[in-house]
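The values are calculated or read from the model by the stated rules, or taken from the named source; none is laboratory data. Just so it is clear, the model here is predicted, and its values are computed rather than measured. Here the Cβ positions follow ideal geometry from the backbone for every residue, glycine too, while neighbour counts run over all protein chains shown.
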């Protein structure tokens with residue numbers, strides 16, 4: 001990759017022309033309403049007002065990026081996604097076009113970033129074998145760690161899209177019913193076992209009709225991009241409520257997503273084979289060779305600025321293409337702006353576990369932080385930040401937009 005001196009951008013920058021993630025931004029000096037929100041593309045430490053630049057250029061897809069969300073672009077489909085990306089790459093790598101670009105650039109500190117997508121439906125999967133095995137060992141120490149169905153299908157649950165918030169949004173500690181195994185009856189109050197889940201979110205475009213399936217071979221035509229995701233979890237609320245129907249209030253109070261969506265097209269160099277799937281999945285989850293793939297994404301979880309985990313996404317058992325195929329195999333429709341998440345990303349080593357539940361083994365092995373304090377679960381005032389990198393073309397690095405949140409006391 002070459003330097004881009006007219007943008008003051010070295011080739012090594014993780015948000016260079018090889019990346020070009022999408023977001024939504026507005027003026028930085030006051031909360032912005034929909035009328036002032038714009039679709040932007042990050043280039044280095046600046047934001048290109050894509051809507052304005054496209055309108056000035058008179059390109060036919062300009063209405064799809066006029067704002068205030070990415071949803072019209074998601075609806076436009078993969079041919080338009082490719083056209084926009086090619087146009088951006090040409091625009092931002094040609095010094096002769098600097099005059100077209102500069103009027104539409106804002107420095108990142110001068111803008112406010114907003115939720116990039118009006119989330120339609122949200123599904124959370126459970127795609128890490130290491131995470132699922134750890135959880136099984138914690139809660140079913142005398143039984144098989146994995147449930148009998150786990151290696152036959154990507155397990156997931158339908159979550160609450162209205163409580164997905166953009167990175168930087170404060171997280172209020174949830175309250176609800178809690179009952180430890182030794183308690184005679186449930187009590188009500190703030191969660192005492194508030195946790196993180198380091199995940200990767202997938203943004204979907206290309207709506208389908210009710211009753212229509214998306215074959216695994218066509219999944220990539222609906223996978224627009226990825227964004228880091230933190231599925232905050234109240235473990236004590238969850239433990240009491242989840243039998244027999246699964247997660248509910250322990251999950252639905254908030255989930256945080258990064259402000260920047262990395263196009264799947266930027267991650268070609270990051271595609272890797274999946275771990276061996278045994279037993280072999282049913283035909284609708286298999287597809288041609290290479291259809292179901294993993295991603296080489298290295299993640300870091302920081303608690304109050306200190307790295308506490310480095311989960312490797314490449315160890316995930318189920319592919320995003322398999323998750324999408326399974327999500328629709330019963331005829332469930334896709335909507336532009338659907339979001340599904342991978343579930344907690346955990347690797348085989350202790351320092352690769354993507355939740356405090358695993359890192360502290362359900363609170364029995366608390367973490368000791370650099371300041372001498374300990375954590376079994378999150379305390380009020382704690383800030384959690386997830387970052388990640390992936391390989392790009394020609395030895396470059398892609399830096400995914402971070403997702404961060406700070407815990408505030410229960411109301």
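Which one of these is outside any loop (DSSP other than H, G, I, E, B) and under 21 Å from the mean Cα position of the chain (by Cα): 24, 117?
On the way: 117 fails: outside any loop (DSSP other than H, G, I, E, B).
Only one candidate passes the filter, namely 24.
Screening 363, 370 for residues that are under 29 Å from residue 193 (Cβ atoms), outside the structural domain of residue 73 (by TED's automatic domain parsing), out of contact with any strand residue (DSSP E or B) (no Cβ under 8 Å at 6 or more places or on another chain) and surrounded by fewer than 19 Cβ atoms within 10 Å (Cβ to Cβ) leaves exactly one candidate, 363. Are any of the residues in the stretch 180-198 touching a strand residue (DSSP E or B) at 6+ places or on another chain (Cβ under 8 Å) and either within 16 Å of residue 326 (Cα to Cα) or not assigned by TED's automatic domain parsing to the domain that holds residue 289 (or both)? Looking through the stretch 180-198, none of the residues is touching a strand residue (DSSP E or B) at 6+ places or on another chain (Cβ under 8 Å) and either within 16 Å of residue 326 (Cα to Cα) or not assigned by TED's automatic domain parsing to the domain that holds residue 289 (or both).
Among residues of the stretch 175-197 being out of contact with any helix residue (DSSP H, G or I) (no Cβ under 7 Å at 6 or more places or on another chain) and assigned to a loop (DSSP other than H, G, I, E, B), the one that is surrounded by the most Cβ atoms within 10 Å (Cβ to Cβ) is 197.
When the residues of the stretch 156-170 are narrowed to those that are in a loop (DSSP other than H, G, I, E, B) and surrounded by fewer than 19 Cβ atoms within 10 Å (Cβ to Cβ), which ends up farthest from the chain's Cα centre (by Cα)? Steps first, answer last, please.
Let us first name the residues in the stretch 156-170 that are in a loop (DSSP other than H, G, I, E, B), namely 159-160, 167-170.
From what is left, the residues that are surrounded by fewer than 19 Cβ atoms within 10 Å (Cβ to Cβ) are 160, 168-170.
Working: 160: 15, 168: 14, 169: 15, 170: 17 Å.
Residue satisfying both the conditions and the ranking: 170.
Before we move on, is residue 200 under 30 Å from residue 113 (Cα atoms) and either in a loop (DSSP other than H, G, I, E, B) or modelled with pLDDT of 95 or more (or both)? Answer is yes for this residue.
Candidates 11, 75: the one that is out of contact with any helix residue (DSSP H, G or I) (no Cβ under 6 Å at 6 or more places or on another chain), surrounded by 15 or more Cβ atoms within 10 Å (Cβ to Cβ) and either in a strand (DSSP E or B) or in contact (Cβ under 8 Å) with a residue 60 or more places away in the chain (or both) is 75.
Hey, does the stretch 236-251 have a residue that's part of a strand (DSSP E or B) and touching a helix residue (DSSP H, G or I) at 6+ places or on another chain (Cβ under 8 Å)? No: the stretch 236-251 contains no residue that is part of a strand (DSSP E or B) and touching a helix residue (DSSP H, G or I) at 6+ places or on another chain (Cβ under 8 Å).
Table: residues versus (1) modelled with pLDDT of 95 or more; (2) in a loop (DSSP other than H, G, I, E, B); (3) in contact with a strand residue (DSSP E or B) (Cβ under 6 Å, 6 or more places away or on another chain).
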residue: 259; (1), (2), (3): yes, yes, yes
residue: 277; (1), (2), (3): yes, yes, no
residue: 280; (1), (2), (3): yes, yes, no
residue: 284; (1), (2), (3): yes, no, no
residue: 289; (1), (2), (3): no, yes, no
residue: 300; (1), (2), (3): yes, no, yes
residue: 314; (1), (2), (3): yes, no, yes
residue: 318; (1), (2), (3): yes, yes, no
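In the set 84, 101, 41, only one residue is buried (at least 16 other Cβ atoms within 10 Å of the Cβ) and not in a helix (DSSP H, G or I); that residue is 41. Of all residues in the stretch 59-71, those being touching a strand residue (DSSP E or B) at 6+ places or on another chain (Cβ under 9 Å) and in a helix (DSSP H, G or I) number 2. Applying the condition of being part of a helix (DSSP H, G or I) and loosely packed, with under 15 Cβ neighbours inside 10 Å to the stretch 87-96 and asking which residue is farthest from the chain's Cα centre (by Cα) yields 96. Would you mind stating whether residue 203 is buried (at least 18 other Cβ atoms within 10 Å of the Cβ) and touching a strand residue (DSSP E or B) at 6+ places or on another chain (Cβ under 8 Å)? Yes, satisfied. Regarding residue 56, is this residue assigned to a helix (DSSP H, G or I) and farther than 27 Å from residue 391 by Cβ? Spelling it out, residue 56 is indeed assigned to a helix (DSSP H, G or I) and farther than 27 Å from residue 391 by Cβ.
Across the stretch 121-143, the number of residues qualifying as assigned to a loop (DSSP other than H, G, I, E, B), out of contact with any strand residue (DSSP E or B) (no Cβ under 8 Å at 6 or more places or on another chain) and either at pLDDT 95 or above or outside the structural domain of residue 198 (by TED's automatic domain parsing) (or both) comes to 2.
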